[in-house]
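The values are calculated or read from the model by the stated rules, or taken from the named source; none is laboratory data. Everything numeric here is computed off the predicted structure, so don't read it as measured data. Cβ atoms come from the backbone with ideal geometry, glycine included; neighbour counts cover every protein chain shown. Quick note on the areas: whole protein, heavy atoms, side chains included, nothing else; ligands and nucleic acids left out. Shrake-Rupley method; radii C 1.70, N 1.55, O 1.52, S 1.80 Å.
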Amino acid sequence: MSSLMVPPVLQSPREDATQLHRAFKGFGCDSATVVNILSHRDATQRAFLQQEYKNMYHEELTSRLSSELSGHTKTAVLLWMHDPAGRDATILRQALTVSINLQAATEVICSRTPTQLQTIKQLYYSKFGSRIEYDIELQTTGDHKKLLLAYINTVRYEGLETDRAMVERDSKSLFKAGEKRLGTDEKTFIQIFSGASRAHLAAVSAAYRNIYGSLKKAVKSETSGKFEFGLLTILKCAENPAKYFAKELYKSMKGLGTTDSTLIRIVVTRTEIDMQYIKAEYRKKFHKTLADAIHSETSSHYRTFLLSLVGS
């Protein structure tokens, strides 16, 4: 594909720093070189490069990138420069305090593992001097707030074993809390969805389907708004996180215009985690490659950067 550049030969952080500094000099920035180097460096290499650049030129690389790049390219590149946990903490801080985006905050919190959330919470506090729970309290309301606070603070098992009796008990409890009664017992939904391991919740969903029908449909009919989105994110990520992100990427590029903030957030945050699985799920579900979809919805250095992260 024409927008994919040939990966640069892997070189030392010093050589990368020198090339980047050269790309910033003169009239206008050589964005092609910047994008080509940075998109082919992993988290460790990016950390060494940032340190080397600061040692050599006495300024932060991210500050220089911020002044040299613009638009969606700048947004994507600056987000990429973080390590995965620091990036999530930064996204959450932005979404909860700067440009309020509760959908983005809910997606990040409800799609991460307990281990990831613990690291994110620690980094959030050390980077921004505020507890994430405090910012969630300020910006969210009702059952949505209760779900996010419970999900971010509950220690969940991360293994694959499940207990059949507990699975059946929870599927029955969810039926009684929702479809069986008039009105919804939201407390039960919050308790089970925030306390269950992914393996347990996936098993509950399968058990529910065998007896009562689709748990996803039950959530959609019994809840609404951001609370519904949070519950569905937790459930879909318990069953198949790659499929969940493939669908969210499709939605971000569907119809007139592209929701670039979602496209950037998902591509950049999943590249170093499960992008190969997301690509496979995207092709299986939508009968075209994710790279082709991104190519048709983006342009210029922005397109090149995202395609380099996604890979052909």
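Applying a threshold of 9 Å to beta carbon distances and a minimum spacing of six or more residues, or different chains, the list of pairs starting in the range 114-127 at a residue that is in contact (Cβ under 8 Å) with a residue 24 or more places away in the chain and ending at one that is hydrophobic (A, V, I, L, M, F, W, C) and open to solvent by 60 Å² or more (accessible area, probe 1.4 Å) reads 114/155. Comparison of 164, 209, 131, 181 shows that the only residue that is under 24 Å from residue 91 (Cα atoms) and either basic (Lys, Arg) or exposed (fewer than 14 other Cβ atoms within 10 Å of the Cβ) (or both) is 131. Please indicate, with yes or no, whether at least one residue in the range 50-73 is within 16 Å of residue 269 (Cβ to Cβ), out of contact with any Asp or Glu (no Cβ under 7 Å at 6 or more places or on another chain) and either in contact (Cβ under 8 Å) with a residue 60 or more places away in the chain or open to solvent by less than 60 Å² (accessible area, probe 1.4 Å) (or both). Scanning the range 50-73, I find no residue that is within 16 Å of residue 269 (Cβ to Cβ), out of contact with any Asp or Glu (no Cβ under 7 Å at 6 or more places or on another chain) and either in contact (Cβ under 8 Å) with a residue 60 or more places away in the chain or open to solvent by less than 60 Å² (accessible area, probe 1.4 Å) (or both), so the answer is no. Counting the residues of the range 288-312 that are farther than 22 Å from residue 82 by Cβ, part of a helix (DSSP H, G or I) and open to solvent by 20 Å² or more (accessible area, probe 1.4 Å) gives 5. Among the residues making up the range 226-251, a single one is among the polar types (S, T, N, Q) and either within 13 Å of the chain's Cα centre (by Cα) or closer than 21 Å to residue 140 by Cβ (or both): 233. Just to be sure, is residue 201 farther than 29 Å from residue 122 by Cα and in a helix (DSSP H, G or I)? Criteria not met by residue 201.
Quick one: is residue 126 among the small types (Gly, Ala, Ser), open to solvent by 70 Å² or more (accessible area, probe 1.4 Å) and farther than 20 Å from residue 266 by Cα? Spelling it out, residue 126 is indeed among the small types (Gly, Ala, Ser), open to solvent by 70 Å² or more (accessible area, probe 1.4 Å) and farther than 20 Å from residue 266 by Cα.
Mind listing just one residue for me: the one in the range 216-233 that is touching a Gly at 6+ places or on another chain (Cβ under 9 Å) and open to solvent by less than 20 Å² (accessible area, probe 1.4 Å) and, of those, farthest from residue 147 (Cα to Cα)? Here the residue is 218. The residues of the range 71-86 that are touching a Lys or Arg at 6+ places or on another chain (Cβ under 9 Å) and closer than 10 Å to residue 123 by Cβ, listed by number, are 82, 83, 86. Applying the criterion of being outside any helix (DSSP H, G or I) and surrounded by fewer than 19 Cβ atoms within 10 Å (Cβ to Cβ) to the residues of the range 11-40, the residue that is nearest to the chain's Cα centre (by Cα) is 40.
Just give me the residues in the range 134-161 being in a helix (DSSP H, G or I), open to solvent by 20 Å² or more (accessible area, probe 1.4 Å), over 12 Å from residue 227 (Cα atoms) and not aliphatic (A, V, I, L, M), in sequence order. The answer is 134, 137, 139, 153. Inside the range 188-216, residues that are touching a residue at least 40 places away in the same chain (Cβ under 8 Å) and within 27 Å of the chain's Cα centre (by Cα) make up a count of 13.
Can you confirm whether residue 181 is assigned to a loop (DSSP other than H, G, I, E, B) and of a type in the set (D, E, K, R)?
Taking the combined requirement at face value, the residue satisfies it.
Candidates 243, 285, 236: the one that is surrounded by fewer than 17 Cβ atoms within 10 Å (Cβ to Cβ) and either in a helix (DSSP H, G or I) or modelled with pLDDT under 95 (or both) is 285.
Scanning the range 78-107 for residues that are closer than 18 Å to residue 248 by Cβ and buried (at least 22 other Cβ atoms within 10 Å of the Cβ) yields 87, 88, 91, 92, 95, 105, 106, 107. Here residue 282 meets each of (1) more than 17 Å from the chain's Cα centre (by Cα); (2) without any contact (Cβ under 8 Å) to a residue 40 or more places away in the chain with one exception, condition (1).
Remark: pairs (first residue in the range 157-175, within 23 Å of residue 186 (Cβ to Cβ); second residue open to solvent by less than 40 Å² (accessible area, probe 1.4 Å) and small (Gly, Ala, Ser); Cβ separation under 6 Å; 6+ apart in sequence or on different chains) = 167/203; 167/207; 168/207; 171/207.
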